[in-house]
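Step one of this worksheet: look at the structure below.
Rule-based calculations on the coordinates, nothing more; no lab input. In this text the structure is predicted, and so the values were computed from the model without any measurement. Cβ placement follows ideal geometry from the backbone for every residue including glycine, while neighbour counts extend to all protein chains displayed.
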Ligand code: SAM
Ligand code: DTB
Ligand code: SF4
């Protein structure tokens, strides 16, 4: 527990909005104070991402190139089997990754052979000594329990945006269903990875409202991915203007202040950021990135570029599970 940073779950939207709009130097100063205490070495977790089941998803998420509803749908890619997935996990580990995240373009987890394969993948990734994360939509209590038994470290399920802006982005699943999924994950004892996306036409109040829902979850999600929209051609959001990098810095800094112990992951959209903007995000409190040249379907900076980025920033990657490295913290 941090000595001087209170952990709160009662943030008001107005308080968060005020933080988001502080003069940048003041916001960075406050975020730094929290970040330096929580993570004095500025160490960064490298998480590699692999799409196991790509495209053909029945949900209509307006940002997503994997939705059946959009002409961007990247259909026709075969679902990956256990062997090739574990080979990719081994390669990610050899390249220095600490967590291996696997994605399924599903509305919800399906029982049967694909779920049994998912469990084998989780076991295999854990046996390699990596943290394992799955993102595959909604799940049942039983599926959450079985994932926990298989050793799953974390389940990613994003809120994506504010409750107020949500209906303009997704109509096939409700905000409430997302919150219930998060609850199921928690009840099974799996760590939560939950965040959102900026750049989808939301206003400053929406960003504050998304952060309010996240920060008022008790406990806070263990990791909070902050994505900038990757505006993919053929999705309804293809024409959205690029996010101002300083807006992303503000989002990261505010998330850090609100959720001092959470891993704040600088996620999609890094390819559009300069090296300097990424370093500002690290300074503002980001302590994790996706590592490897693809996200799920879109590209991400090359491994070599990220090694150079971390070297330029003078920060190190986690090599061991964080609990072991932080005993007593
Ligand atoms: N189908 C599952 C689900 O929706 O939870 C798992 C995969 S889904 C692609 C995981 C997350 O990726 C989404 O919730 C969204 O936050 C993020 N994402 C997808 N497409 C994106 C894009 N074009 N730009 C930024 N983030 C994106
Ligand atoms: C998250 O918040 N962002 C990642 C991960 N969790 C699953 C996904 C980003 C996807 C970007 C678009 C794509 O590559 O398809
Ligand atoms: Fe499907 Fe997930 Fe994409 Fe939504 S974000 S369309 S649920 S793969």
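Could you compute the FRET efficiency for residue 14 and residue 174, with r as their C-beta to C-beta distance and R0 at 30 Å, rounded to 0.05?
Numbers: r = 26 Å, r/R0 = 0.86.
Here the calculated transfer efficiency is 0.70.
Per DSSP H run of at least 4 residues, take -39500 (n - 2.57); add these up for the chain, divide by its residues and hand me the 222 nm value, nearest 500 deg cm²/dmol.
Rounded to the nearest 500, it is -11500 deg cm²/dmol.
Using a 10 Å cut-off on Cβ atoms, rank the peptides 248-261, 177-190 from the highest mean neighbour count down.
The peptides rank, most packed first, as 248-261, 177-190.
Rounded to the nearest 0.05, what FRET efficiency do residue 304 and residue 26 give with R0 = 30 Å and r taken as the Cβ-Cβ distance? Could you check?
Computed FRET efficiency for residue 304 and residue 26: 0.25.
Between residue 275 and residue 77, what is the spin-label point distance in nm, taking each point 7 Å from the Cα along the Cα→C-beta axis?
A separation of 2.9 nm, rounded to one decimal place.
Taking a quarter of the surface of the convex hull around the Cα atoms of segment 150-196, what do you get in nm²? Please report the intermediate quantities before stating the final value.
Details: hull surface 13.5 nm².
So the Cα hull casts an average projection of 3.4 nm².
Report the antiparallel proportion of the DSSP beta bridges in the chain as a percent, rounded to a multiple of 5. Let's see the in-between values first.
Numbers: 1 of 34 bridges.
Counting only bridges with both partners in the chain, antiparallel ones make up about 5 percent.
Would you please put 7-14, 278-285, 294-301 in order of how densely packed they are, using the mean number of other Cβ atoms within 10 angstrom per residue and starting with the highest?
Per-residue mean Cβ counts within 10 Å order the peptides as 278-285, 294-301, 7-14.
For a quick protection proxy, order the peptides 103-111, 268-276 by their average other-Cβ count within 10 Å, most packed first.
The densest-packed peptide leads the list: 103-111, 268-276.
Based on other C-beta atoms within 10 Å, arrange 290, 115, 100 from fewest to most. Could the numbers behind the result be given before it?
Values: 290 24, 115 17, 100 29.
Least crowded to most crowded, the residues run 115, 290, 100.
Pick out which of 238, 59, 308 has the largest mean-square fluctuation in a Gaussian network model of the chain, springs linking Cα atoms closer than 10 Å.
Largest GNM mean-square fluctuation: 308.
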